[in-house]
Every structure is written in structure tokens, then in C-alpha cells.
Amino acid sequence: MRTRFPIAICFVFGIFTLLQYFSKHPTLTAMYAEILDWMQIVFVFTLLVGVISIFKIHSAKISRQERDWPYSILTILGIVVMAVLGFGYGTEYGSPFLWIFQNIQVPMQSTMFALIAFFVASAAYRGFRFRNKEAAVLLITAIIVMLGRVPLGHQISDLIPQTAQWIIDNPSTAAKRGILIGIGLGSITTALRVILGIERSYLGGRS
Amino acid sequence: MDLSRLDRRIIFLIIAIVVIVPMLFDVTPEVQITKDTEQIFDAIDSLKTGDYLMVSFDFEAASFPEMRPLASVILNHSFEKDLKIIGLALFSEGTAIGYTLLEQIAREYDKVYGVDYVYLGFRPQYVSAILGMGESIIKVFPEDYLKQPLEKYPDFLELENYENLPLLVSVADGSLPIHWADYANARYGQRVAVACAAVMVTAFKPYFESGQLIGPAAGVKGAAEYEKLLGYEGAAHRRLFTQSVVHLAIIILVIVANVSAYVWRKK
């Protein structure tokens, strides 16, 4: 029963959403709209599971005083403070919740993201080496695209942005399209395996 | 001295200098408009006064410095054309950012909330939100961001689902435009234009080639091109000069490292 019931749910909803795609019948459309609502409700519960999980992991770290445990206190404090402010004073414009978000979280996350430029520069300095033919192709391509994507490339020669665009439009897109087709076929296969109950790893057991 | 093994802290210092110093100069480089940016500009420009335009702020706080100029040019263009804007966010972090930006730019054009624009806010689980709006927008967003029922805004009541929406713009730092293409375009035929982070262009390229997505205006360069199309040189132009210098610095560093490694091997 513990495995059959979820497999049956999966089968019914999988087949229903697959078939209703081809029909505009009002009853099916109404049922489909209802299912979309359920999806959002289920998702909100997964968020709750995530919050509980963060609490459990960081509480354990604090109680065992594992490495960097003071950061765990900050994490829990952050969640509690934002939850209290959000539920207590709302999240609209001018609320303390939004003030903290805009003046602490946005600058902090932007700073972290901006640091990537430094690591990219360092990695390029060490990684982009003319070691063999393949590495040479990668190196030259990277230089052309980097120059072609800023006005400097155009100022040197019109040929640079044109070549950069050709690289993006042709070899890069061809490779990406191949990957997308592979992902698409893989997704269809996995979906069919889940709907038909062949793939059961989502139940926690072996497939 | 083997320069190919330069201490990473020196590289960090060089990058810091080439980022900070160009910002001190008010240089606006000459920008060439690409067909990609022109496509999204034309898509918005072809809309008539009073047409609905949905703008989805699909980005997170981390990429705000790159996404802000893009979102700004889209909103400037839309308000200039007197379009009715419906803002929303499918990432929780984009919710407040999108609302703040919309409010700021709307104020510049003396636009009124509820008449010229509304902000629907955030809905979790973007796949079901995108699909749900194809059936009924008011069912997915019964209230706006300000907790007001959507029925309160008669100017937006005609917008039942994607059928009355001539264009949707996803301002995105990640892969959300693919979901707009997969679910809103493929299923409901919704026209979707994209303004995205520069790094995402190659990921979306097959969708642009197939006509499932329109655009893109990508990164700071795309925003600068859009500014030029709108006839002004704003924040994106100034940032583009810094970006040019940083790209050049990285290229010089890579060449120096390769030459140094080659000379060192010869020895």
C-alpha cells in the first residue's frame, strides 16, 4: 500500500495532465486549473520542509559546536527575525522587512556575485593556456567573444563583433541545441518511467 | 620571474583597479546596436497605446546591478508608449525589487497605480503560475502586491488570460525564460520577449532562433543598446566603459600568462 498508493496517484495525474493537453473541454480545463492550484499549495509545504530542515541542521551544529557554528546562530537568527518582522509588520513598501531586504540582503548578495569577476579573472589567468590545439581553439574563441561583446571590439575592427556573433549563432547554438534535444528525450523517458511506475526512486527506494 | 604563477592576490588587485578607475571617468563608449536588441525594442515599440504589457521580474538580488539597467530601459520604453504594465515576480527575491523599480520609474512619468500599472507580486512554483495564468490570471493572483482585489482596477479587468496580452517580457538572470517558452509560448502561443543576464544568451539562443522567444537585450551591453534606441545615454553606457576595460585587462593577463609560461618552458 505504501508504494502502490503514490504510484497510483502519479499514474492518474500523469495521464490526466498528458491527455488534457489535447482537449479544450471545459470540465477538463477546470480540473486542470484546480490541479495547478494544488501544485502551488504542495510547493508551499515543501518550503516549510526546507525551513524545518535548516533549523534541524543548524541547531545540531550549534549544540555540537561544530566548525563555524557561530554562523549557524546567525542563520537561525536571520530566519527568525525576518519571519517575525514579515508576519508582525507585513512585507509591503516601507516595512522593516523590506528595509532589511533592500539595505542588507541586496547589497550583500550583489557583493558576493560581484566577487565572481575576481575569481573568473584569476581562473582565466591560470586556466587559459596554449597547451594543445583544442586549448588554443578555446583560448582564441574566448578572446574573440570577450572583445566582441564590448564596444572595444568594434573600435578595433568590425570583424571582431561579427566573428563573435557567428561563434554564438553557429557552433555554440548547435552544441546547445544538441544538449537541449538530449535533455528533452531524457525528460520524456523519465516522465514515462515515473508515470508507469517503473522509476520509483522518488519514493525513497531503489528504482 | 615566472609571471604565469603570479600570486592570485596581485590579479585581484589588478582587477580591483581596472574596475574602480574607469568608474571615475565619465566616458560613454560608442555602442553598435545588434539585431537581438532591436528585436525586443521593435516588439515593444509595435504595441499600441493602452495595450497590456506584462513584465516579469525573474531575477534575484545578487544580479540586481546587471538587471537594473535592463529592467529600467524596458519600463522607460513602456511608460513612454503609455502601455498598461502588469508587473509580477516568479522569484521571491525579485518581488520587492520589481515593485520598487516599477514605482520609481512610474513616478518619473506621473503614472498612476491601478490605472497605468499594477503589480501582482509573487507566486511560488513558477511552472504552475505560468500555466495557471494561461487559464485565468485572476485565479492565480486574486489580489495584487498591495493586498487589494484585482477587481478594484477596472482598467485591467479585460486581462483575463494570455489571450488579451500582446506581449510579455521576462527580465531574467537565470533560466526562467525557458519555462515561459515551454509553458506560456508552446501551450498558449504567448509572445515572450527576453531581457537577460549576458551569461544566459547562449542558453536561450535555440529558442530565439526558433521564434519561441524574442530578443534578447542581454547584459549591460544590451541595456546600453536599448538606451541608444530610446535616444539617451544612461547608467548602462557608463558601466559599459568599465566592462570594456575589465575585458581588455583579462585578455592582457591571459596573454601575459601564456607568453611567460612559454618563455619559462624554453628556459
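Do you know the Lys pair count in region B:9-140 for C-alpha distances under 24 Å, with sequence separation 8 or more or different chains?
Number of lysine pairs found: 8.
Share of Cα-Cα pairs in region A:51-98 beyond 12 Å, in percent?
63 percent
Can you list the aspartates and glutamates whose alpha carbon sits under 17 Å from that of A:K176, skipping same-chain ones fewer than 8 residues off?
Those aspartates and glutamates meeting the cut-off are B:D182, B:E209.
Only four residue types carry charge here, +1 at the Cβ of Lys and Arg and -1 at the Cβ of Asp and Glu. Report the dipole size of region A:23-97 about the Cα centre in Debye, rounded to the nearest 20.
Value, rounded to 20: 280 debye.
State, to one decimal in nm², a quarter of the convex hull surface area for the C-alpha atoms of region B:187-267, i.e. the direction-averaged projected area.
Reported value for the Cα convex hull: 8.0 nm².
Going Cα to Cα from B:K267, which lysines come in below 24 Å? Please leave out same-chain ones fewer than 8 positions away.
A:K133
Of A:L159, A:L98, A:V137, whose Cα points farthest to the positive end of the dipole of region A:96-207 (charges on the beta-carbon: +1 Lys, Arg; -1 Asp, Glu; origin at the Cα centre)?
Value computed over the given set: A:V137.
Please get the size of the charge dipole for chain B, origin at its Cα centre, with Cβ charges of +1 on Lys and Arg and -1 on Asp and Glu, quoted in debye to the nearest 20. Working shown, then result.
Working: 24 positive and 33 negative charges, 286 e Å.
Value, rounded to 20: 1380 debye.
Accessible area per residue of region A:1-89 at 1.4 Å probe, in Å²? Don't skip to the answer; put the middle values down first.
Numbers: 6840 Å² over 89 residues.
In whole numbers, region A:1-89 has 77 Å² accessible per residue.
With just the Cα atoms defining each centre, how far is region B:10-58 from region A:148-190? Give it in Å.
19 Å
I'd like the Karplus ³J(HN,Hα) series for region B:170-178: coefficients 6.51, -1.76, 1.60, θ = phi - 60°, whole numbers in Hz, and an x wherever there's a Gly or Pro.
Once rounded to whole Hz, the list reads 9, 9, 10, 9, x, 8, 4, x, 5.
Just tell me how shielded B:247-258 is by partners: mean number of partner chain Cβ atoms within 10 Å of each residue's Cβ, no decimals.
6
Once the convex hull of the C-alpha atoms of region B:31-235 is built, how many Å³ does it hold per residue, rounded to a whole number? Write out the running numbers ahead of the final one.
On the way: hull volume 21.1 nm³, N = 205.
In region B:31-235, the Cα hull volume divided by residue count equals 103 Å³.
Over all alpha-carbon pairs of region B:109-183, lay out the pair-distance distribution in 5 Å bins, whole %, shortest bin first.
Result, from short to long distances: 3, 13, 24, 27, 19, 10, 3, 0 percent.
For A:K24, which aspartates and glutamates qualify as cross-link partners when the Cα separation must be under 18 Å and same-chain residues fewer than eight apart are set aside?
Within reach: A:E34, B:E135, B:E160, B:E163.
Using alpha carbons only, what's the Rg to Rh ratio of region A:1-89 with Rh from Kirkwood?
Looking at region A:1-89, the ratio lands at 1.23.
What residues have an amide H closer than 5 Å to that of B:Y52, excluding those fewer than 5 places away on the same chain, when H is modeled at 1.01 Å from N in the peptide plane?
For B:Y52, whose amide H was placed from the backbone, the distant partners under 5 Å are B:K84.
Please report the relative contact order for chain B, taking Cα pairs under 8 Å with a sequence separation of at least 6, and give it as a percent rounded to a whole number. Display every interim value, and only then the final one.
Numbers: 439 pairs, mean separation 72.3, N = 267.
That works out to 27 percent.
Could you tell me what a quarter of the Cα convex hull surface of the protein assembly as shown works out to, in nm² with one decimal place?
The Cα convex hull of the protein assembly as shown, projected and averaged over all directions, gives 27.9 nm².
Report, as an integer, the average count of C-beta atoms from other chains found within 10 Å of each Cβ along A:129-136.
2
When the convex hull of the C-alpha atoms of region A:128-207 is computed, what volume per residue in Å³ does it have?
Numbers: hull volume 13.1 nm³, N = 80.
Per-residue hull volume (Cα only) is 163 Å³.
Label region B:1-132 by shape, choosing from rounded, prolate and oblate, from the square roots a ≥ b ≥ c of the eigenvalues of the Cα gyration tensor; if a/c is under 1.5 it is rounded, and otherwise prolate applies when a/b is larger than b/c, oblate when it is not.
Prolate, since a/c reaches 1.5 and a/b exceeds b/c.
Mind checking which of A:I195, A:I144, A:I156 has the largest fluctuation in a GNM of chain A, springs on alpha carbons under 10 Å?
Per the Cα network of chain A with a 10 Å cutoff, A:I156 tops the list.
The values are calculated or read from the model by the stated rules, or taken from the named source; none is laboratory data. All values derive from a computational prediction rather than experimental measurement. Cβ atoms come from the backbone with ideal geometry, glycine included; neighbour counts cover every protein chain shown. In case anyone asks, the SASA skips ligands and DNA or RNA and just uses the protein heavy atoms, side chains included. Shrake-Rupley method; radii C 1.70, N 1.55, O 1.52, S 1.80 Å.
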